[in-house]
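These notes are about the structure you will find just below.
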Amino acid sequence: MDVVLQAKNLTMKYQDTAVLENFHLELPKGKIIGLLGPNGSGKTTLIKLIAGLLTPAAGEITVCGEKIGVATKAMVSYLPDRPYFQKEMRVSVLLDFFADFYTDFDRTRAERMLEDLKIDPKAKIKTLSKGTQEKVQLVLVMSRRAKLYLLDEPIGGVDPAARDYILNTIITNYDPDATILISTHLISDVERVLDEFVFLHNGKIIRQGNADETRMETGKSLDELFREVFACL
């Protein structure tokens, strides 16, 4: 199995509280993987560590064999859980920024997705709804030719009608050799696109596996299994 991500003995604390402790995770190439857990389970912290936005108290993370740093940031495309753009910027300026900053940015792909979503590239961010701002951010992130995509709650702030388009955008706009890690608590919406899953609780993995095999073995959807497992905790 080719591995895109390895986290070993990972510990992360906020003040004296451990969010992750002696945490281990290995992700294969070419998979869409759900990082599934309730709010406060450590999902966003883990994603920020992988993105290089936080530094662990102990342990190590590698992406394609490289320690977190400049080299990995060129391989990782990160979607935060909230928009971070300056409100006065136009969408077209954001495309310019990504094209200048990321050598793997595919502007043609981005423009096509904006057209599909009927988003005017000349529009200022402040004139767009919160859901549309999140769509713009997803377009930019998925228009990179990255090795690892980190998507933190990509469908959390959009209406149900837009979720199918967003999920289809995710599965049709990435290299089959790349890996997508999707963090969400909306499991029923996202599970149809997942190859594998990780259930996270209080910074610990309590179950993980192949999505299809688990559904066959248990006779339950991942959403049903999640509710059952977490009801016992």
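So if I check each of Phe101, Phe105, which one is out of contact with any His (no Cβ under 6 Å at 6 or more places or on another chain), closer than 21 Å to Asn173 by Cα, free of Cβ contacts under 8 Å to residues at least 24 places away in the same chain and of a type in the set (Phe, Trp, Tyr)? Walk me through how you get there before you give the answer.
Values: Phe105 fails: free of Cβ contacts under 8 Å to residues at least 24 places away in the same chain.
The match here is Phe101.
Which of (1) touching a Gly at 6+ places or on another chain (Cβ under 7 Å); (2) buried (at least 18 other Cβ atoms within 10 Å of the Cβ) does Asn9 not meet, given it meets every other one?
Tallying (1) touching a Gly at 6+ places or on another chain (Cβ under 7 Å); (2) buried (at least 18 other Cβ atoms within 10 Å of the Cβ), Asn9 fails exactly one: (2).
Restricting the search to segment 170-198, which residues are closer than 16 Å to Tyr78 by Cα, surrounded by 19 or more Cβ atoms within 10 Å (Cβ to Cβ) and out of contact with any Asp or Glu (no Cβ under 7 Å at 6 or more places or on another chain)?
Passing the criteria: Ile170, Asn173, Tyr174, Ala178, Thr179, Ile180, Leu181, Ile182.
Taking the options Leu53, Leu46, Leu27, name whichever one is of a type outside the set (Asp, Glu) and assigned to a strand (DSSP E or B). So that I can check it myself, show each step before the final result.
On the way: Leu53 fails: assigned to a strand (DSSP E or B); Leu46 fails: assigned to a strand (DSSP E or B).
Going through Leu53, Leu46, Leu27 in turn, the sole match is Leu27.
I'm trying to understand the selection: among the residues of segment 139-165, which are modelled with pLDDT under 90, surrounded by 15 or more Cβ atoms within 10 Å (Cβ to Cβ), of a type in the set (A, V, I, L, M, F, W, C) and out of contact with any helix residue (DSSP H, G or I) (no Cβ under 6 Å at 6 or more places or on another chain)?
Correct list: Ala162 only.
Run down Ile119, Ile68 and say which single residue is free of Cβ contacts under 8 Å to residues at least 40 places away in the same chain, among the β-branched types (Val, Ile, Thr) and farther than 22 Å from Thr169 by Cβ. Reasoning before the result, please.
Values: Ile119 fails: farther than 22 Å from Thr169 by Cβ.
When all the criteria are applied, what remains is Ile68.
Looking at segment 147-160, can you tell me whether even one residue there is out of contact with any strand residue (DSSP E or B) (no Cβ under 7 Å at 6 or more places or on another chain), of a type in the set (Lys, Arg) and in contact (Cβ under 8 Å) with a residue 40 or more places away in the chain?
No, that holds for no residue.
Out of Gly30, Gly40, report the one residue that is under 27 Å from Arg227 (Cβ atoms), modelled with pLDDT under 95 and surrounded by fewer than 18 Cβ atoms within 10 Å (Cβ to Cβ).
Of the residues listed, the single one that is under 27 Å from Arg227 (Cβ atoms), modelled with pLDDT under 95 and surrounded by fewer than 18 Cβ atoms within 10 Å (Cβ to Cβ) is Gly40.
The values are calculated or read from the model by the stated rules, or taken from the named source; none is laboratory data. Remember, predicted model here, so these are calculated numbers, not experimental data. In this analysis, Cβ positions are derived from the backbone assuming ideal geometry, glycine residues included, and neighbour counts consider all displayed protein chains.
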